[in-house]
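All remarks here apply to the structure that follows.
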Amino acid sequence: MHARSTDFGRLIVGTKPELFQHSLELGLAARAQTERSRFLWALTGGGTPKEWYQWLVSEKKLSAAEAASIEWTVSDERHVLLNSPESNFGNAERQLLEPLNVPTDRRHPWMVAWPVAEAAEAYRKTMLILAGPGRTYDVCFLGMGDDCHTASLFPGTPLLLDDGGLPFGGQEVPGKGWRLTITPTGLRQCGLIVVMTLGAGKADALHRVMRGPYDPVNVPSQILKTCAERVVWLVDEAAAAKL
Ligand code: 6PG
């Protein structure tokens, strides 16, 4: 692996197994360093986390005791029930938390049975109790879409213009349904942010983020510039090809 600094955070380039291992190590190192009694780790959606869960479980990379010492959630969610294959937290439960027997009181899904605005507000209150004021996740995992979205912050989304100073929100994303998501304010309140993005399909998007004009409303992942000192990008050579 090799690393360099960018305006958007530390960029680490490596192979998929190296990046999978490093993302785990980053999370566990943050866990080990914290003096807080609760440690909040937000997973994310997309294809990369699903592969990562399989790798963690099949290679026995995370022990049940380690997993049980962490409060688990997801940084964004579709407004669907947990048993839907579309549910980010549902997938995390099925592929990671259940295989590792993580106690149910360590699992913190979004309240998807409620209307979106109430669901976002209820989640905000739960996170306030778990993390304390002015803080969201200790570790926030993110991915990036080929349109440069991250979490459920898509190009043009109103939350990128004004999130009302709230760390979590909900909105309808044209063509994608209702989404619940950490906001730009919420991202700035995270301890560590790890963005894992892999494959040639992400090369143009990564180039737009790191080399293009600063325009976070249309290039949402650029919002990470506002908290770059706490952001680590984990990318493979294919994704980094145009940097
Ligand atoms: C989701 C996400 C989304 C995801 C990216 C990248 O719920 O789908 O949170 O932001 O991280 O689309 O997904 P891949 O891992 O498939 O590249």
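Side notes on the structure shown:
- Applying a 4.7 Å Cβ-Cβ cutoff to the chain, the cysteines left without a disulfide-compatible partner are C148, C227.
- Fewest-first ordering of I182, I129 by other beta carbons within 10 Å of each residue's beta carbon gives I129, I182.
- Taking Cβ atoms as reference points and 12 Å as the exclusive limit, the residues near M1 contribute a net charge of -1, counting Lys and Arg as +1 and Asp and Glu as -1.
- Summing Lys and Arg as +1 and Asp and Glu as -1 over all other residues whose Cβ lies under 15 Å from the Cβ of Y214 gives a net charge of +1.
- Stretch gain in nm, segment R107-K176, where the contour uses 0.36 nm per residue and the Cα spacing is subtracted: 22.3 nm
- Burial ordering of Y214, Y123, fewest other beta-carbon atoms within 10 Å first: Y214, Y123
- For region 26-123: rounded, prolate or oblate by the Cα gyration tensor [a/c cutoff 1.5]: oblate
- Straightening the chain between A228 and W55 buys 59.5 nm, computed as 0.36 nm per residue apart minus the Cα-Cα spacing.
- Inverse of mean 1/r across different Cα pairs in the chain, Kirkwood, Å: 17.8 Å
- Helices of the chain meeting both criteria, an alpha-carbon length of 18 angstrom or more along the long axis and an average Kyte-Doolittle score not below -1.0, with helices taken as full DSSP H segments, are 16-33, 116-131.
- Note on the chain: GNM, Cα springs under 10 Å; of P155, P103, P174, the largest mean-square fluctuation is that of P174.
- Sorted fewest first by neighbouring Cβ atoms within 10 angstrom, V13, V74, V195, V232 come out as V232, V13, V195, V74.
- Taking every Cα-Cα distance in region 113-170 and sorting them into 5 Å bins from zero, the calculated P(r) comes out as 4, 16, 20, 26, 23, 9, 2 percent.
- Shape call, region 135-197: gyration tensor on alpha carbons, a/c limit 1.5: oblate
- Residues E18 and D215, FRET efficiency given R0 of 30 Å [Cβ-Cβ distance, rounded to 0.05]: 0.40
- Positive end of the dipole of the chain (Cβ unit charges, origin at the Cα centre): among S221, S37, W55, the Cα lying farthest that way belongs to S37.
- Highest-fluctuation residue, A122, A200, A65 considered, GNM on the chain with Cα pairs under 10 Å: A65
- Cα-Cα over 22 Å, subset of K202/K225; K61/K225; K60/K125; K16/K60; K16/K176; K16/K61: K61/K225; K60/K125; K16/K176
Computed from the coordinates by the stated procedures, all read-outs in this text should not be read as laboratory data. Just so it is clear, the model here is predicted, and its values are computed rather than measured. Here Cβ is always computed from backbone atoms with ideal geometry, including for glycine, and neighbour counts include all displayed protein chains.
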